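Asks: Below are the structure tokens for one structure; questions will follow.
The values are calculated or read from the model by the stated rules, or taken from the named source; none is laboratory data. The structure displayed is predicted, hence computed values, not measured ones. Heads up, the Cβs are rebuilt from the backbone with ideal geometry, glycines too, and the neighbour counts pull from every protein chain shown.
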Amino acid sequence: MEERIKQIIDQEDKKVPYTDEQIARQMGIRRDEVTLLRHKLQVPDSRKRRQPLLLKEMEKLLRSSPSMTSRELTSRLNEQGFDVSRFMVHQLRSKMEAFSGETPNIDDHARQKMRKAGQAATFASLIGAKSTLKAAIQQAQAAVLYPPHGLHTLFFGATGVGKSRMAEAMYQFAIEQQVMKKNAPFVIFNCADYAKNPQLLLSQLFGYVKGAFTGAQQDKPGLVDQADGGILFLDEIHRLPPEGQENLFYLIDKGVYRRLGEVQFQQKATILIVGATTESPESSLLLTLRRRIPMTIELPSLSEWTQQERLSLIFHYLNEETDRIGREVVVQKDVIASLLTYDCPANMGQLHSDIRVLLAKAFLKTIHQVEKTAVQVDRYDLPMHVASHQQSADLAPELPMLKKDQFLFVPGQRSDLVGTELVEDSPQHLYDWVVERYQNLKNQGQSEELIELIVNKELDTRMEPFTGEDEKRSLRLQQLVKLVGDQVVQAVEQMLWIAERHITLDYQRISYALAIHLHGLLERWPDTKEMDSLIETDQESMEFKVALEMAKVIQTSYGISLPEKEISILAMYVKQCSIYTEPKPMIGVVVTSYGLVAKSMVDVASRLFERKHAQAVELYWNDDLAVSVERISTMIQQADQGEGVILLADMGSNLLSEEEWERRSGARVQVLPNVTTTLVIEVIRKCLYSSESLDQIVDQMRHFPVKSLHSVQALAPKPVAIVTICITGKGAAKRLDQLLQEKLEAAATQVTILQASSLSIRKQYKEWLGKYHIFAVVGTVNPMLDGIPFISIKEIVDESGISFIKRLLLVANRTLQPALAPRSHGLHDLLYPELVCDDLELSTKEQVIEILSQRLREHGFVESDFEGKVWEREKMGNTCLFGTAIPHADTTQTIRPGIAIANLAQPIEWEAGYFVRQVFMLAITETCQLAVEELYQFLQEHEEANILPDLQAFMKLEQ
């Protein structure tokens, strides 16, 4: 076995070496076995085997091109056959510099110069420059560079979108490109300041001559004269009176203007005029002036920015305000999430103002403190309108870019975001970190051996790419909690932690299957008649022994002692979800319904099990019966793997008997009517992970209760706790307490840490059990407490144990609240006045689809790809019904359900020879079956009465 591993590694591509997982697949053994054998052979892992060659190639590339960015370096390496991420390259580059003391052919002074040069980039420093603002910046740059003196420019957009900022960037760009001299003026004038006194406004802008008005005792130049040779920025230019606008277009045309009191245009100036307005240029500026400002640039509102851009802006403002305060600032994750998601109608200006108020309130709490500690910013400091948005939200959005529970801002330093272009740590910074970390652990009383182990592991973690696995698991936990409740999920996590010590499992597959099974078990307990037939299981097998350990978690958590047949079921799940289980034929599943309901239910199940097993067939009310039957028969044939097919038929879509389906498809078919999403999930779970036959599953499912999945009665809440244990309870247990507090960071406040001696643990455990919910033991020796997972010191140090504890805390403290069961939407729930388009003068199907899609998109009902998906559905077949058209897309494009209605002035041809006067564009979800049926009934009634559906009568259904 060892020789085979050596042979595989010797023959591998050194640029892309085999992982333990890949070697295990070649040899047909478990990954953990490969890892143990590799350690025995003293062979490093794939990353370390590749590293010398990778570093050598990096050094070669950097020697030839020292200023190469990490992005360019990554691209070059991948072209040469490596498979590396930009983050990994950056970290290796930092590590290489840290331990060599220098960058190849780049000294620290040169790197600092490069950084400064990068910061001086005119438009590149603007947040959104590479995405949302890209087009606007290109236009502005073109305006500056246009010969001989640039193009006069007008920025327009809502208040606070950054018009002044763009004007300043134009000026910096003009200096940098040597279009203007280094000392060229940049003059700002807000026309609104003098809007109520036009004469004073004109005198400030253009100057005046002696005697022009009472008090004008001498000539005075205006701002135009000061701006000669540079840029004059006129903010709120729409407040400029007509006489001022006339003066401007003479200046633009001929380079001359007149001061107040002068008759002739005799003053000269060469300036680039940049204006800004919140109004439409057509309605606020004279036509003669508009024609002379050739470059008009619209700036997007903050709501049009990407989340990443808005997050960068928030960090920018927090950095600015931290510099003003002069103290370190710690901001909680939920505060930044609120700033990221609340409605901000006044855009960047309002966002900046709200952040100032936020920090002022937080600063006030610390102003009395003698020691200048960090300013702690929490959700209670949020301005009222931001906090109220957070309270009104049903569920805080999942924000994968916020990877920490809190963020530190330090005066004079820039706190940046993960995901943006990375700036290399200086070598000194890395050394300082190592020294500080060592001293920290030393002060805690940790041994030299443990300190070295911890620091080395953390150093490797700093230098390795971030995989995002914890975030993925957290997202899956959220979905599971919504489905079965937090206590069931917590028990499953504990069961899997125990199981994975003995056998390699497919976590994604088993977590959902086990959670839903455990939920069902608790719901029917103690009635176990459903499983009267004992599943044959080898009680000496590893799977059964693992299942026995998992059953102890249920005993501890719920006080339920599982009988042998239930333990056999757990063993079956373990066997089915083992990574190396041989594939077997499975029972097929087909779901049918009218409308898009079937596809939505199948999509939900596919996301849960991360596997597409069921097939969906969507029927339409105007489909021919023979066509519908043929489509379902074809799908049954595709789903059949030789074990039969379960047909889940929605109301009205069960068109034939089981015998007739079998005759047409050639497969064994069992039909389950009255399909629901819960039933679909349970059927697929059993088909994927149980060894029951087609008849057994269908018989059970015919008695399946139609109710919410998370109806299991919750246990009484108790504080959660972790036990740290050593021989005496005073040595390693105490140091472990400190280590856990540090590793868990903010999460440490959510858990009680209890110290115990292995000599008296069982007595203490019984006492604690009445007060706490103990979900893990951490220590040097395993006390073998039934149903309580044990985590070794090594697992705490290498972060796997910490990751497990954090996942448990996530559900144990109800961080992830179960969602309410979705309500069913009737037709009246989908009707909104803003979605009605009456008397439309349109002549083509394309125009109607564009108008209605735009209406739905503008009002936040659908995603940006909705219109494209509508056209995909149109290509599949006719969407006309009862003299109307009902275009729609799949439910993944719906943000919230609604129907856009068009009443056309003249009939248009929707399909060849099929004309319509009314169009109902559906944006629906899987909860809209009732609405679809009511719409069908309404249209059918008008068709039978031979009258055109009355739009006003249709809207009255909303009452």
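Asks: Could you please tell me which pairs satisfy a Cβ distance under 6 Å, a separation of 6+ or placement on different chains, a first residue in segment 320-348 that is of a type in the set (Lys, Arg) and in a loop (DSSP other than H, G, I, E, B), and a second residue that is surrounded by fewer than 21 Cβ atoms within 10 Å (Cβ to Cβ) and modelled with pLDDT under 90?
Replies: Hits for this filter: Arg327/Lys372.
Asks: Here is a further query. So which of Glu176, Glu246 ends up being at negative phi and modelled with pLDDT of 85 or more?
Replies: Testing whether each residue is at negative phi and modelled with pLDDT of 85 or more leaves just Glu176.
Asks: Picking from Leu151, Leu126, which residue would you name as being outside the structural domain of Phe186 (by TED's automatic domain parsing) and assigned to a loop (DSSP other than H, G, I, E, B)? Before the answer, list the steps.
Replies: Numbers: Leu151 fails: outside the structural domain of Phe186 (by TED's automatic domain parsing).
So the residue among Leu151, Leu126 that is outside the structural domain of Phe186 (by TED's automatic domain parsing) and assigned to a loop (DSSP other than H, G, I, E, B) is Leu126.
Asks: Can we say Phe189 is under 41 Å from the mean Cα position of the chain (by Cα), at pLDDT 90 or above, in a strand (DSSP E or B) and of a type in the set (Phe, Trp, Tyr)?
Replies: Taking the combined requirement at face value, the residue does not satisfy it.
Asks: Continuing with this model, one more query. Select from segment 282-313 the residues that are touching a Ser or Thr at 6+ places or on another chain (Cβ under 8 Å), part of a loop (DSSP other than H, G, I, E, B) and closer than 20 Å to Asn247 by Cβ and list them in ascending order.
Replies: Leu285, Ile293
Asks: Scan segment 855-868 residue by residue and report those that are assigned to a helix (DSSP H, G or I) and out of contact with any strand residue (DSSP E or B) (no Cβ under 9 Å at 6 or more places or on another chain). Steps first, answer last, please.
Replies: Filtering segment 855-868 for residues assigned to a helix (DSSP H, G or I) gives 855-858, 866-868.
Arg857, Glu858, Glu867, Gly868, listed by residue number.
Asks: Pull up segment 883-919, narrow it to residues that are assigned to a loop (DSSP other than H, G, I, E, B) and in contact (Cβ under 8 Å) with a residue 60 or more places away in the chain, then point me to the one that is farthest from the chain's Cα centre (by Cα). Show your work before the answer.
Replies: So the first thing to find is which residues in segment 883-919 are assigned to a loop (DSSP other than H, G, I, E, B), and the list is 883, 886-887, 889-890, 895-897, 912-913.
From what is left, the residues that are in contact (Cβ under 8 Å) with a residue 60 or more places away in the chain are 883, 890, 897.
Working: Gly883: 42, Asp890: 21, Pro897: 22 Å.
Going through the qualifying residues, I end up with Gly883.
Asks: Is it the case that some residue within segment 262-271 is assigned by TED's automatic domain parsing to the domain that holds Phe155 and either under 25 Å from Gly162 (Cα atoms) or assigned to a helix (DSSP H, G or I) (or both)? Lay out the reasoning, then the answer.
Replies: To start, the set of residues in segment 262-271 that are assigned by TED's automatic domain parsing to the domain that holds Phe155 comprises 262-271.
In the following step, the residues that additionally are either under 25 Å from Gly162 (Cα atoms) or assigned to a helix (DSSP H, G or I) (or both) were identified as 271.
Checking segment 262-271: at least one residue is assigned by TED's automatic domain parsing to the domain that holds Phe155 and either under 25 Å from Gly162 (Cα atoms) or assigned to a helix (DSSP H, G or I) (or both).
Asks: Which of the residues that make up segment 158-174 are among the small types (Gly, Ala, Ser), assigned to a helix (DSSP H, G or I) and under 20 Å from Ser303 (Cβ atoms)? Write out each step before concluding.
Replies: Of segment 158-174, the ones among the small types (Gly, Ala, Ser) are 158, 160, 162, 164, 167, 169, 174.
After this cut, where a residue has to be assigned to a helix (DSSP H, G or I) as well, the list is 164, 167, 169, 174.
Correct list: Ser164 only.
Asks: Kindly evaluate Gly118 against the criterion of being in a loop (DSSP other than H, G, I, E, B) and either surrounded by 17 or more Cβ atoms within 10 Å (Cβ to Cβ) or at pLDDT below 65 (or both).
Replies: Working: in a loop (DSSP other than H, G, I, E, B): no; either surrounded by 17 or more Cβ atoms within 10 Å (Cβ to Cβ) or at pLDDT below 65 (or both): yes.
Judged against the criteria, Gly118 is not a match.
Asks: Give the residue that is farthest from Leu145 (Cα to Cα), with candidates limited to residues of segment 255-267 that are surrounded by fewer than 22 Cβ atoms within 10 Å (Cβ to Cβ) and in contact with a Lys or Arg (Cβ under 9 Å, 6 or more places away or on another chain). Talk me through it step by step, then tell me what you get.
Replies: Narrowing segment 255-267 to residues surrounded by fewer than 22 Cβ atoms within 10 Å (Cβ to Cβ): 255-256, 258, 261-267.
Keeping just the survivors that are in contact with a Lys or Arg (Cβ under 9 Å, 6 or more places away or on another chain) gives 255-256, 261, 264-267.
On the way: Gly255: 19, Val256: 22, Gly261: 35, Gln264: 32, Phe265: 28, Gln266: 28, Gln267: 26 Å.
My answer is Gly261.
Asks: Within segment 918-940, can one find any residue that is over 18 Å from Leu830 (Cβ atoms) and surrounded by 14 or more Cβ atoms within 10 Å (Cβ to Cβ)?
Replies: no
Asks: Still on this structure: Taking the criterion of being over 25 Å from the mean Cα position of the chain (by Cα), modelled with pLDDT under 85 and not small (Gly, Ala, Ser), would at least one residue in segment 325-333 satisfy it?
Replies: Yes, the conditions are met somewhere in segment 325-333.
Asks: Kindly evaluate Lys718 against the criterion of being closer than 26 Å to His519 by Cβ, at pLDDT below 80, in contact with a Phe, Trp or Tyr (Cβ under 8 Å, 6 or more places away or on another chain) and charged (D, E, K, R). Reasoning before the result, please.
Replies: Values: closer than 26 Å to His519 by Cβ: yes; at pLDDT below 80: yes; in contact with a Phe, Trp or Tyr (Cβ under 8 Å, 6 or more places away or on another chain): yes; charged (D, E, K, R): yes.
Yes, satisfied.
Asks: Limited to segment 576-589, what total is found for residues that are touching an Asp or Glu at 6+ places or on another chain (Cβ under 8 Å) and modelled with pLDDT under 75? Before the answer, list the steps.
Replies: To start, the set of residues in segment 576-589 that are touching an Asp or Glu at 6+ places or on another chain (Cβ under 8 Å) comprises 577-579, 585-588.
Restricting the remaining residues to those that are modelled with pLDDT under 75 gives 577-579.
Here the count works out to 3.
Asks: What are the pairs, 6+ residues apart or on separate chains, where a residue within segment 920-943 that is without any contact (Cβ under 8 Å) to a residue 40 or more places away in the chain and outside any helix (DSSP H, G or I) has its Cβ under 9 Å from a residue that is of a type in the set (Phe, Trp, Tyr) and buried (at least 18 other Cβ atoms within 10 Å of the Cβ)?
Replies: These pairs meet every condition: Phe920/Phe954.
Asks: Search segment 654-684 for residues being touching a residue at least 60 places away in the same chain (Cβ under 8 Å) and within 18 Å of Gly642 (Cα to Cα), and hand back the single one that is surrounded by the fewest Cβ atoms within 10 Å (Cβ to Cβ).
Replies: Checked segment 654-684; the qualifying residue surrounded by the fewest Cβ atoms within 10 Å (Cβ to Cβ) is Ala667.
Asks: Between a residue in segment 764-777 that is farther than 18 Å from Trp497 by Cβ and without any contact (Cβ under 8 Å) to a residue 60 or more places away in the chain and any residue that is assigned to a loop (DSSP other than H, G, I, E, B) and of a type in the set (A, V, I, L, M, F, W, C), which pairs come within a Cβ distance under 7 Å, given they are 6 or more apart or on different chains?
Replies: From segment 764-777, the pairs are Tyr765/Leu785.
Asks: Glu279 is checked against (1) farther than 30 Å from Ile137 by Cβ; (2) assigned to a loop (DSSP other than H, G, I, E, B) and fails just one. What number does that condition carry?
Replies: Condition not satisfied by Glu279: (1).
Asks: Pairs needed: first member in segment 41-58, closer than 12 Å to Pro17 by Cα; second member anywhere, of a type in the set (S, T, N, Q); C-beta distance under 9 Å; at least 6 residues apart or different chains.
Replies: These pairs meet every condition: Pro44/Gln51; Asp45/Thr19; Asp45/Thr35; Ser46/Thr19; Ser46/Gln22; Arg47/Thr19.
Asks: Given (1) surrounded by fewer than 15 Cβ atoms within 10 Å (Cβ to Cβ); (2) assigned to a helix (DSSP H, G or I); (3) modelled with pLDDT under 85, identify the lone condition not met by Met651.
Replies: It is condition (2) that Met651 fails.
Asks: Right, something else. Return yes or no: is Val357 in a helix (DSSP H, G or I) and more than 26 Å from the chain's Cα centre (by Cα)?
Replies: Numbers: in a helix (DSSP H, G or I): yes; more than 26 Å from the chain's Cα centre (by Cα): yes.
For Val357, the condition - in a helix (DSSP H, G or I) and more than 26 Å from the chain's Cα centre (by Cα) - is met.
Asks: So which residues in segment 23-42 are within 27 Å of Leu92 (Cβ to Cβ) and surrounded by 15 or more Cβ atoms within 10 Å (Cβ to Cβ)? Talk me through it step by step, then tell me what you get.
Replies: Step one: filter segment 23-42 for residues within 27 Å of Leu92 (Cβ to Cβ), giving 23-24, 31, 34-35, 38-39, 41-42.
Listed by number, the residues that qualify are Ile23, Ala24, Arg31, Val34, Thr35, Arg38.
Asks: Oh, and also: For the subset of segment 822-831 comprising residues that are in a loop (DSSP other than H, G, I, E, B) and buried (at least 18 other Cβ atoms within 10 Å of the Cβ), which member is modelled with the lowest pLDDT? Please lay out each step first, then the result.
Replies: Applying the first criterion (in a loop (DSSP other than H, G, I, E, B)) to segment 822-831 yields 822-826, 831.
Now narrow it down to the ones that are buried (at least 18 other Cβ atoms within 10 Å of the Cβ): 825, 831.
Values: His825: 76, Leu831: 87.
Looking at residues that are in a loop (DSSP other than H, G, I, E, B) and buried (at least 18 other Cβ atoms within 10 Å of the Cβ), I get His825.
Asks: For segment 766-780, which residues satisfy the criterion of being crowded, with 18+ Cβ neighbours inside 10 Å and either under 19 Å from Ser792 (Cβ atoms) or at pLDDT below 80 (or both)?
Replies: Ile774, Phe775, Ala776, Val777, Val778, Gly779 - these are the residues of segment 766-780 that are crowded, with 18+ Cβ neighbours inside 10 Å and either under 19 Å from Ser792 (Cβ atoms) or at pLDDT below 80 (or both).
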